[in-house]
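Written out below as structure tokens is the structure these notes cover.
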Amino acid sequence: MVGKHNESMADSIARLQRGRSYDDLTTIIVVPTRGEIPARVVASWLSLMRPMNQVCAGPEFMAGFEVGDAYNRAVENIIATNVNIRNNKGRPFRYMLTLEDDNIPPPDGILRLMESIKGYDVVGGLYWTKGDEGQPMIYGAPHVIPRNFVPQVPIPDQIQPCNGLGMGFTLFRMELLERMAPDMPKNEHGIRQWFKTVQEWNPNVGGKAFTQDLWFFDQAAKYGARVASDNRIKVGHYDKSTDTVW
């Protein structure tokens, strides 16, 4: 007997490639927070499966900052850490997972994101804005011109290309963030702004309003970023005030 896996060698190899267990999946988890995280949310995080025999560090909590500023400070820290690790011939972080303090991902969420990012630069789990009229956080269809961030109808259990995502459970390639770094504007503290909340009016061009996530994706498009929502990963969005998971 050659064994079941040897008999189905093509299927076995495809399974290994899909799971990416032999790739470098070195990841750091970043959490911006107002300082208190509901127990129901933390309990879901404690059940998250992490890639076997891989570095999956964190969560690194960025407490007390405006959300865009929290992410920018985190990225600056990761890039600086990567430079030091490379100088010491170590393995830098290849991915950043953003996890927000009101999101409840499924136990296999990280593993699924690791599978689906193979063809993309950023992938996220599917979650909705809060409330009875909640919208899926899948913005813009790439084939539509002019480019936009119109909310899209989810394609059930598919990896759905899009122009932008929320950041509640989202995996970024550090290579993209590092490539963008030289061109990112700096704030008054000298911190580069990959993520920026914008509400402004210019009489020559009109109004512009972006949350920090869509501002990033608007910039990332200039670098050819490929983005998708992994609709297999269904993420709850917790409203503490009503004890409701949307």
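Each value in this text was obtained by applying a stated rule to the coordinates, not by laboratory testing. Remember, predicted model here, so these are calculated numbers, not experimental data. All Cβ positions, glycine included, derive from the backbone under ideal geometry; neighbour counts span all protein chains shown.
Remarks
- Residues whose amide H comes within less than 5 Å of that of Cys162, counting only those at least five positions distant or on another chain, are Val227, Ala228, Ser229 (H built at 1.01 Å from N in the peptide plane).
- With θ taken as phi - 60° and the Karplus curve 6.51 cos²θ - 1.76 cosθ + 1.60 applied, the whole-hertz 3J(HN,Hα) list for region 110-115 is 5, 4, 5, 4, 4, 5 Hz, x standing for glycine and proline.
- Extended-chain gain in nm, criterion 0.36 nm per residue less alpha-carbon gap, Val83 and Met9: 22.7 nm
- Across region 24-245, the mean sequence separation of Cα contacts (distance under 8 Å, 6 or more residues apart), normalised by length, yields a relative contact order of 25 percent.
- Ala57 long-range amide H proximity, modeled H, under 5 Å: Thr27, Ile28, Ile29
- 19 Å Cα-Cα threshold exceeded, pairs from Lys130/Lys196; Lys118/Lys186; Lys196/Lys222: Lys130/Lys196; Lys118/Lys186
- Shape summary: the chain maps onto an equivalent ellipsoid whose semi-axes, from the alpha-carbon gyration tensor, are 29, 22, 20 Å in decreasing order.
- Residue range of the chain that is longest and free of GluC sites (Glu not before Pro) which are both DSSP loop and sparsely packed (at most 16 other C-beta within 10 Å): 67-132
- Residue-averaged [θ]222 nm for the chain, counting only DSSP H segments that reach four residues, each worth -39500 (n - 2.57): -8000 deg cm²/dmol
- Selected from Leu126, Ile78, Pro106, residue furthest toward positive end of dipole (region 78-141; charges at beta carbon): Ile78
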